[in-house]
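Input: a single structure, listed below in structure tokens.
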Amino acid sequence: MNKPTLKRSLKPWHVVMLGLGYMTPMVVFDTFGIASGETNGHVPLAYVIALAAMLFTAFSYGKMVRAYPSAGSAYTYTQKTISPHLGFLVGWASLLDYIFLPMVNILLIQIYLTAIFPAVPPWIWVVLFVLFVTWVNVKSVKSAADLNTIFVIYQFIVMAAFVVLAVWVLNDKPPVEGSAWVHPFYASDMSISLLIAGATVLCFSFLGFDAVTTYSEETDNPMRTIPLAIFFTALVGGGLFVFTSYFTQLIFPDVSVFNNPDATAPEISLFAGGKLFQLIFLGASFVGALASGLASHASVSRLLYVMGRDSVLPNKLFGYVHPRWRTPVFNVIITGIVSLAAIFFSLETAASFINFGALIAFTFVNLSVIVHYAVRKKEYHTLKDFMSHIAIPLIGAAFVAVLWYHLEANSFMLGLVWVTIGFIYLVYLTRMFKVKPAEIREEADLLESEEGGTDQKSANA
């Protein structure tokens, strides 16, 4: 029986735009006050450090996509290289990152619109936008990608307008000291420990570059397209963060000028361009949340699809692809239903679930490169192979270890609870580890084949 599969309809630029939409470029302004306080006024340099750290892990993702061009991402890589059981737990943990980010974006949209329309009950915005994002993703991933591209371009335009306004401000009132122009990147008294602490905070702005691997089965030549898309997503996103934060830092050399350093975007936009620009600017923040909502909704439905196809989640539900639309319809709808829980969650609670899952994925992708290429294939004898298959993933894992060290205790505890639930389910699924997840899939395929044969005999009779 030939089942419908995901449709290869995405161009390389679609994939990059989905990754950038997932990352939300406008987040640079939301986190600026926090990062400036952490780094003592060196946000652009902290972004350079964070970008360098993320590119090591991006390299590891690229290596694993070439080996396993599957929409399962870190779940598939760990399953195929290290252990099927561990692979399931990595996929289960990754769901925290993937499934809660759509909820975070819906909560952000609700906050924006409730501020504008306080008389409207907040739950109405949650329901309306969950229905919208779900409908777009049900119909076609290309439709979601096209709409996401429009939203990302709008963010680019607003960020470019901000830079122009910043130059205007600096031309009118240039810094008194000439050294102020290079201060965002260098000062004689800057602290390396503060820069690393700030870079650690900013690394979480890059979450999403890895999500492009979940589109591996919907783009042509994924072994070439996806590694390049991962690299360009991280590089373009990081470049935007560095460039815009430089001009922001010149205008706001320290956090003392902000009334609320934890939410600086409204003050930054108001100072740069007045009330009208502030409205346009906040509109871009709203659009950014919507773009991220579309991209993250698509990503999690693909991860659920691969886990369903492997029968580690119920195959008939999670492994289903609509024959006409060629999308994992049930997974998209399930993600929408989970996103409706935004009615009952606070933004802080929902966000606390995300980082744990992302760090689990980053850790095991780096380890998978070492196991697959160096341990199994013994490709480490030349300098190039040693760097690609041992040194770079180890450096990537070391950077991720720093992120683990700075992870909030609340995120860590919630993540452990979620993984414990997954472990209990795995024990049940594998009959106390007597059966491998791959064998579960084989049993499911055999049973479905027998059922199909029985149905065909009945039809013939």
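The values are calculated or read from the model by the stated rules, or taken from the named source; none is laboratory data. Because the structure is predicted, anything quoted here is derived from the model rather than measured. In this analysis, Cβ positions are derived from the backbone assuming ideal geometry, glycine residues included, and neighbour counts consider all displayed protein chains. Only protein heavy atoms, including side chains, enter the accessible area calculation; ligands, DNA and RNA are left aside. Shrake-Rupley method; radii C 1.70, N 1.55, O 1.52, S 1.80 Å.
The figures follow:
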| quantity | calculated |
| --- | --- |
| Too-long pairs where the Cα-Cα distance tops 30 Å, listed order kept, from Lys11/Lys436; Lys11/Lys377; Lys142/Lys436; Lys7/Lys316; Lys377/Lys436; Lys384/Lys436 | Lys11/Lys436; Lys11/Lys377; Lys142/Lys436; Lys384/Lys436 |
| Potential lengthening between Arg66 and Ala398 on full extension [0.36 nm per residue; Cα-Cα distance subtracted] | 117.2 nm |
| Prolate/oblate/rounded call for the stretch 274-351, Cα gyration tensor, a/c under 1.5 rounded | prolate |
| Percent carbon-and-sulfur accessible area, the stretch 98-156, ignoring ligands, DNA and RNA, probe 1.4 Å | 84 |
| Whole-percent carbon and sulfur share, accessible surface of the stretch 240-336, 1.4 Å | 69 |
| The stretch 114-159: C-alpha gyration tensor shape, a/c 1.5 cut-off, then a/b vs b/c | oblate |
| Rounded tilt (10° steps) of 329-339 against the dominant C-alpha axis of the chain | 50 |
| Local electrostatic count at Val201 - Lys and Arg +1, Asp and Glu -1, tallied over other residues with Cβ under 13 Å | -4 |
| Solvent-accessible area per residue, Å², over the stretch 112-182 with all protein chains present [probe radius 1.4 Å] | 57 |
| Net charge contributed by nearby residues that have their C-beta within less than 14 Å of Phe364 (K/R +1, D/E -1) | 0 |
| Stretch gain in nm, segment Asp172-Ile421, where the contour uses 0.36 nm per residue and the Cα spacing is subtracted | 83.8 nm |
| Label-point separation in nm, Ile157 to Ile337, each point 7 Å along Cα→Cβ | 3.9 |
| Descending semi-axes in Å of the stretch 154-225, equivalent ellipsoid built from Cα gyration tensor | 36, 22, 10 |
| Total formal charge among the other residues, if their Cβ is under 10 angstrom from that of Pro328, Lys/Arg +1 and Asp/Glu -1 | +3 |
| Which label in (i) 35, 27, 23; (ii) 35, 25, 19; (iii) 40, 26, 19 gives the computed semi-axes √(5λ) of the Cα gyration tensor in Å | (iii) |
| Cβ-Cβ FRET estimate between Val435 and Val120, R0 fixed at 51 Å, reported to 0.05 | 0.50 |
